[in-house]
Structure formats: structure tokens, C-alpha cells
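The next block holds one structure in the form of C-alpha cells; read it before the comments.
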Amino acid sequence: MTRTRQRRGEQVMVPRAEFESYYGRPIIHAPAWAARDIAGYFFLGGLAGAGSVLAAGAHLTGRPRTATAMKVSSLAAVSLSAAALINDLGKPGRFANMLRVFKPTSPMSMGSWLLSAYGPAAGAAALSAVTGRLPRAGAAATAGAALLGPVLASYTAVLAADTAVPAWHGAHRELPYLFTASATAAASGMALIVAPPRESGPARCAAVLAATAESLATEAAERRLGMVAETWREGRAGALMRTARALTLAGAATAALAGGRSRPAAVAGGLALLAGSVCTRFGVFAAGIASAEDPKYTVVPQQKGE
């Protein structure tokens with residue numbers, strides 16, 4: 001549709017488009033997920049998965065304190081992640097029911113099986129590291145958790161993008177990269193907090209790479225979303241995403257410049273990276289809910305009088 005050019009008082013012949021839903025009803029239903037549970041589930045699962053990769057790297061390169069601490073933190077994170085998911089489901093039995101079916105085309109089904117496989121591996125790795133017993137079994141569990149870790153860190157992005165929510169589905173190509181980068185930033189932050197500075201070199205490098213990748217993935221997602229990217233930039237989601245970017249970049253810079261020499265600087269950088277990752281997950285979640293509730297992003301614009 002075209003509009004007549006406005007010259008010296010000429011009136012626009014085609015009225016401005018309005019976005020209206022059918023009798024004021026939402027075109028799609030926003031997910032009935034609680035932000036605290038599901039956004040927390042996204043964050044904690046990413047922290048656990050990426051943490052296992054860093055733990056395996058520390059194990060292989062002779063950084064025992066970092067390896068042990070990251071194995072324990074990954075176990076704690078995946079336990080809390082599962083608790084958040086079960087709390088959102090309402091009953092523990094509902095999680096068990098999801099394991100009755102193995103459906104490769106369902107992100108929820110695969111995620112349930114992924115948690116069930118990753119959890120025991122992370123637990124065995126942490127138990128062996130803390131007790132010093134069964135080192136070979138512990139090494140095998142560490143390797144298993146590290147192999148499953150990247151999938152755990154990114155599959156929640158596939159879960160979100162598989163919905164009809166515009167702010168998630170529209171960024172289905174970039175969202176896994178964003179979640180993986182955010183998870184890596186969080187795990188790097190945890191490593192900076194729990195590891196002695198002399199063992200923090202890989203974590204500091206990972207923090208810088210993760211912060212860069214997260215920034216690029218966010219920009220790519222917003223470009224692909226077009227008008228829907230407004231939900232990533234405005235309101236509560238916009239505030240969270242801006243805070244996430246500031247915290248993540250500040251944490252990575254602090255870690256890179258002073259994390260190897262100063263324990264307080266390493267802890268400060270690590271806390272900033274963790275907080276930035278939390279804000280990213282809650283920001284993306286808030287953007288999705290906002291896009292599902294606003295008919296502007298879910299209906300075809302109509303002209304007045306049509």
C-alpha cells in the first residue's frame with residue numbers, strides 16, 4: 001500500500017494502520033511459565049553445562065582446585081535448575097511422566113532426558129573430586145558431563161524458540177548462540193570466584209570471548225527480529241538487557257585486566273558476569289512475554305474501515 005505525498009496541507013488518503021486482535025482477545029496465549037522458575041531454569045542449566053566444560057578443562061590442565069570447585073558448582077546449579085522446573089510443573093510426578101516418552105522432535109522431551117543423563121554424571125564427577133575416591137570413574141563422569149554440558153547450556157534456547165512467541169521464535173537461529181555465550185560468561189564468573197588467581201587464566205580468556213560473543217549474538221538477534229526487537233529494547237526487558245550488557249562487559253574487562261593479580265578484582269568480575277547472565281535470561285524471558293501479549297507483534301495490521 002502506498003500513501004499520497006503530503007504537500008502543503010494535502011491530506012493522507014490512506015489511514016494509518018492499526019494493530020487489533022479479534023474482539024480484543026490475544027492472538028496467541030503467552031506461556032504460563034513463571035519468570036522466577038523458568039528464567040531461573042534457563043540460567044542455572046546454562047551455568048551447570050558450561051561449568052562442566054570448564055571443570056573438565058581444569059581437570060586436564062592440572063588445576064585441581066578449580067576443577068573440584070566447578071564440579072561442585074555445576075552439581076548445585078543443575079540440582080537447583082531441576083527444582084525450578086519441577087516447581088513450575090507443580091508436581092514432581094509430572095517430570096517423571098515426561099520420561100515415559102522419548103521424542104527427538106520435542107525439545108521438552110529431550111530436555112527431560114538430558115537432565116536425567118547429565119545430573120548423575122555431574123554428581124559422580126563432583127563426588128569423586130571431593131572424596132578423592134574412584135578417580136578413573138570420576139574422570140569418566142567428568143568427561144561425560146563435559147560432553148553433555150554444551151547441549152544443556154543451549155537446549156533451553158531451542159525450547160523457547162520452538163514456541164509461537166514472536167520475540168523467541170523470530171530469533172530461533174541466534175538464540176542458542178546467545179544462551180551458550182551467556183552460560184559461558186556465567187561459568188567463567190563462577191570460576192573466577194572459586195578459583196585461586198594463579199589458576200584463573202582460562203576462565204579469564206573465556207570471559208572475554210563469551211562477553212564478545214554475547215554482544216554479537218544479541219545484535220544479530222535484534223536485526224533479525226525487526227520490529228519485534230522493540231520488546232528487547234523497551235520496558236522491563238530492555239532495562240534488563242541493557243544491564244546485562246553493562247555487567248557482562250564490565251565483568252570481562254575487570255577479569256582480563258586485574259583478575260590474574262588481584263583476588264578481590266577476580267571476585268568482583270566474577271559476580272558481575274554472573275549477574276549479567278541472570279539479567280540476560282530474565283530479559284529474554286520478559287521480552288518474549290511482552291511480544292506475546294501485544295497484538296502489534298502477532299497480527300497483520302489492518303486499515304481503518306476494513
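The values are calculated or read from the model by the stated rules, or taken from the named source; none is laboratory data. In this text the structure is predicted, and so the values were computed from the model without any measurement. Every residue, glycine among them, receives a Cβ derived from its backbone with ideal geometry; neighbour counts consider all protein chains shown. The protein model used for the area step is the full one, side chains on, heavy atoms only, and it has no ligands, DNA or RNA in it. Shrake-Rupley method; radii C 1.70, N 1.55, O 1.52, S 1.80 Å.
Side notes on the structure shown:
- The range 261-270 - residue that is small (Gly, Ala, Ser) and open to solvent by 30 Å² or more (accessible area, probe 1.4 Å) and, of those, nearest to residue 193 (Cα to Cα): 268
- Conditions (1) closer than 27 Å to residue 242 by Cβ; (2) open to solvent by 50 Å² or more (accessible area, probe 1.4 Å); (3) more than 14 Å from the chain's Cα centre (by Cα): number failed by residue 188: (2)
Yes/no per residue for (1) farther than 20 Å from residue 38 by Cβ; (2) at pLDDT below 95; (3) loosely packed, with under 15 Cβ neighbours inside 10 Å:
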position	(1), (2), (3)
242	yes, no, yes
249	yes, no, no
259	yes, yes, no
282	no, no, no
299	yes, yes, no
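- If you go through the range 118-142 and pick out every residue that is among the aliphatic types (A, V, I, L, M) and open to solvent by 50 Å² or more (accessible area, probe 1.4 Å), you end up with 5.
- Residue 154 satisfies every condition listed in (1) within 29 Å of residue 33 (Cβ to Cβ); (2) surrounded by fewer than 17 Cβ atoms within 10 Å (Cβ to Cβ); (3) polar (S, T, N, Q); (4) modelled with pLDDT of 70 or more except (2).
- The range 212-229: number of residues that are open to solvent by less than 50 Å² (accessible area, probe 1.4 Å) and acidic (Asp, Glu): 2
- Residue ID - modelled with the lowest pLDDT, chosen from residues in the range 58-86 that are in a helix (DSSP H, G or I) and in contact with a Pro (Cβ under 9 Å, 6 or more places away or on another chain): 86
- Condition check for residue 233: surrounded by 17 or more Cβ atoms within 10 Å (Cβ to Cβ), within 30 Å of residue 168 (Cβ to Cβ), without any contact (Cβ under 8 Å) to a residue 60 or more places away in the chain and under 18 Å from the mean Cα position of the chain (by Cα): no
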